[in-house]
Amino acid sequence: MSGVIIPDAWSRRADELKQRVADCGTDKKKLKEVLDKNSHWARLRPSLVELAGRKCWYCEGAVYNSRPPVDHFRPKSGVVGDLSHLGYYWLAYEVSNFRLACEFCNSSTDDAPTGKRVTKSYHFPLLNPAARLRMPGTDIEREIPVLLDPVRQEDCELLDFDTSGSARRNVNRPRSPLERVAGICRVEESIRIYGLDRPGLDTQRAGVMKEIGWQAKYLDGGLEEFADRIRQLIAPQAPHSSAALLALRSRRDLAAVVDHFADELGIDPSRGGILQAEAQTVSDLIDAGVLKAGVEVVGVAEFGEVPALLLPDGGFELGVRSYATPTSAARAATGSPDVDGWDFWHIAVASGRVSLSEIRREFNEGD
Ligand SMILES: [Zn+2]
């Protein structure tokens with residue numbers, strides 16, 4: 001998470017508290033005591049508001065509370081559905097885990113099985129639950145979260161809104177092979193758990209989208225006056241700015257406006273929304289957001305299983321060495337020249353395992 005201004009004094013105190021958390025080991029009672037007494041994360045609120053305005057990072061609704069909650073993306077004190085998990089307590093004072101939330105999104109009254117409303121609170125499902133971290137010391141990137149992360153651009157691009165303001169999946173970003181094999185749609189789960197379909201949000205989004213259309217129509221006449229208002233609506237600090245951006249992008253008749261704001265939109269107007277090209281290499285799949293660097297892959301051999309890590313350049317880290325391609329890594333792992341790395345390496349998801357060759361085939365063939 002870049003751009004957050006972190007005062008030195010805040011950092012020093014956070015470091016002290018991280019040490020106190022570390023000193024607790026896995027003693028649940030001691031951890032609870034430190035976390036309950038030291039909500040130091042909340043003191044970074046002004047910097048988070050400064051960065052992204054008075055809006056909730058999950059639902060993008062305006063925050064009217066003068067002290068909006070600072071939520072932990074990875075919950076600090078427990079995980080829904082995993083009773084033995086203590087929560088990601090070691091990330092309690094880690095800025096990269098902070099998200100500004102509205103009361104609703106931060107609230108803890110939830111639980112789908114009981115029929116009560118669902119909110120994020122302690123939910124943190126994974127596409128690869130076997131890789132869930134239980135203590136510090138391992139790279140968090142091994143996990144593939146189900147929930148869309150508001151600070152990851154590639155996650156934000158999965159979400160779309162129809163003209164009535166209802167949240168839905170971007171049709172140009174169909175379910176990834178990993179989602180299909182796990183039987184999970186990250187967008188549907190995020191809509192359900194974040195409550196992105198709750199009453200009121202859709203009308204707020206629709207209002208913003210309507211205004212964008214109206215302002216953009218008149219832009220040709222008196223450019224700067226209307227441009228200023230559009231700039232306000234699409235600014236990251238504005239409530240429902242994603243809906244405003246999507247409204248600009250989605251209408252053919254507004255193509256000229258999209259060109260006008262291309263820099264602010266952070267897009268290349270010539271390629272927005274086009275389906276991705278066919279993937280050939282592991283690095284293509286990482287670029288397409290189908291595979292994630294840092295996750296563990298498992299080689300399945302007759303003699304047993306071999307774990308390796310997927311590197312950002314599409315290579316494989318096996319023990320202390322790294323290999324450029326799946327097959328070179330698979331050969332090193334098995335000592336056999338006859339192994340195809342695409343069939344050898346698998347990713348574990350909720351419902352079992354899926355090989356890299358299946359992932360690539362599914363991606364290239366689509367839904
Ligand atoms: Zn919210």
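Shown in residue order for the range 70-82 are the 3J(HN,Hα) couplings computed by the Karplus curve 6.51 cos²θ - 1.76 cosθ + 1.60 at θ = phi - 60°: 9, 8, 9, 4, 8, x, 7, 10, x, 9, 4, x, 9 Hz (x for Gly and Pro).
Per residue, the average separation of C-alpha pairs within less than 8 Å and at least 6 apart gives the chain a relative contact order of 13 percent. Dividing the alpha-carbon radius of gyration of the range 67-201 by the rule-of-thumb value 2.2 N^0.38 Å gives 1.05.
Shown for the chain: lysine pairs separated by 8 or more places, or found on different chains, whose C-alpha atoms are under 21 Å apart, numbering 17. Annotation: amide H of Leu127 within the under-5 Å range of Ile144, Val146, sequence separation 5 or more or interchain, hydrogens built in the peptide plane. Thinking of the range 282-365 as a set of Cα atoms, what percent of all their pairs are more than 21 Å apart? Result: 20 percent of Cα pairs exceed 21 Å. Translational D (Stokes-Einstein, µm²/s) of the range 1-144 at 4 °C and 1.567 mPa s when Rh comes from the Kirkwood sum over C-alpha pairs? Calculated translational D: 81 µm²/s. Evaluating 6.51 cos²θ - 1.76 cosθ + 1.60 at θ = phi - 60° for every residue in the range 329-334, the Karplus couplings come out as 5, 5, 5, 5, 6, 9 Hz, glycine and proline recorded as x. Stokes-Einstein diffusion of the chain at 25 °C, 0.890 mPa s viscosity, Kirkwood radius from Cα pairs, rounded to a whole number: 109 µm²/s. Relative to the 2.2 N^0.38 Å rule of thumb, the range 136-227 has a C-alpha radius of gyration ratio of 1.41. 3J(HN,Hα) along the range 149-164, derived from phi through the Karplus expression 6.51 cos²θ - 1.76 cosθ + 1.60 where θ = phi - 60°, amounts to 9, x, 9, 10, 4, 5, 6, 4, 5, 6, 9, 9, 9, 7, 5, 8 Hz, with x in place of Gly and Pro. Approximating the spin labels as points 7 Å out from Cα along Cα→Cβ, the Ser107-to-Thr26 distance works out to 3.4 nm.
Peptides 239-250, 41-52, 183-194 ranked from most to least packed by the mean count of surrounding Cβ atoms within 10 Å: 239-250, 183-194, 41-52.
Where a number appears in this text, it was derived from the coordinates with a stated rule and is not lab data. It should be emphasised that the depicted structure is a prediction, and the values quoted were computed from it without experimental measurement. Reconstructed Cβ throughout: ideal geometry from the backbone, glycine too, with neighbour counts over all protein chains shown.
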